[in-house]
Amino acid sequence: MIQNMLNLYLFQTGGAAGIAQIAPMLILMFAVMYFVLIRPQQTRQKRWQAMINELKTGDKIITGGGIRGTIIAIKDDALHLRVPPDNLRLEISKSAVVSVAREEEPKK
């Protein structure tokens, strides 16, 4: 459909001159898409990777499945968690970690 619209536009405007008129609009569309879609995703990915690299034993984490636990061991691509209330020991992939649970400060 877009191809048909582009062909119709080029036919009406006279071929190559039409491409010169539409090129700035296409460049603007790609620039907007980059700053709205691609760049924020790259920023989130870099922040997540930094968080994964900074994990250490004793950190409390939350996985994508909602499991909350404390890291007791770190391997190359896996973590061992201690999960309450029965102190279960789970091995999960590092890619399953969504966030590090922050300790809430006591209210004054």
If R₀ is 30 angstrom, what is the calculated FRET efficiency for the pair I72 and Q41, using the beta carbon separation as r and rounding to 0.05?
0.40
For L37, the accessible surface traced by a 1.4 Å probe with all protein chains present amounts, in square angstrom to the nearest 10, to 100 Å²
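Please state, to two decimals, what the Cα-based radius of gyration of region 37-82 comes to when divided by 2.2 N^0.38 Å (N = residues). Each step should come with its number before you reach the end.
Details: Rg = 12.4 Å, N = 46, 2.2 N^0.38 = 9.4 Å.
For region 37-82, the normalised Cα radius of gyration comes out at 1.32.
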Multiply the residue separation of W48 and M33 by 0.36 nm, subtract the distance between their alpha-carbon atoms, and state the gained length in nm to one decimal.
3.2 nm
Of D59, D76, D86, which has the most accessible area and how do the rest follow, probe 1.4 Å?
D76, D86, D59
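The values are calculated or read from the model by the stated rules, or taken from the named source; none is laboratory data. Quantities reported herein were computed from a predicted structural model and do not represent experimental measurements. Positions of Cβ are backbone-derived with ideal geometry, glycine not excepted, and every protein chain shown enters the neighbour counts. Only protein heavy atoms, including side chains, enter the accessible area calculation; ligands, DNA and RNA are left aside. Shrake-Rupley method; radii C 1.70, N 1.55, O 1.52, S 1.80 Å.
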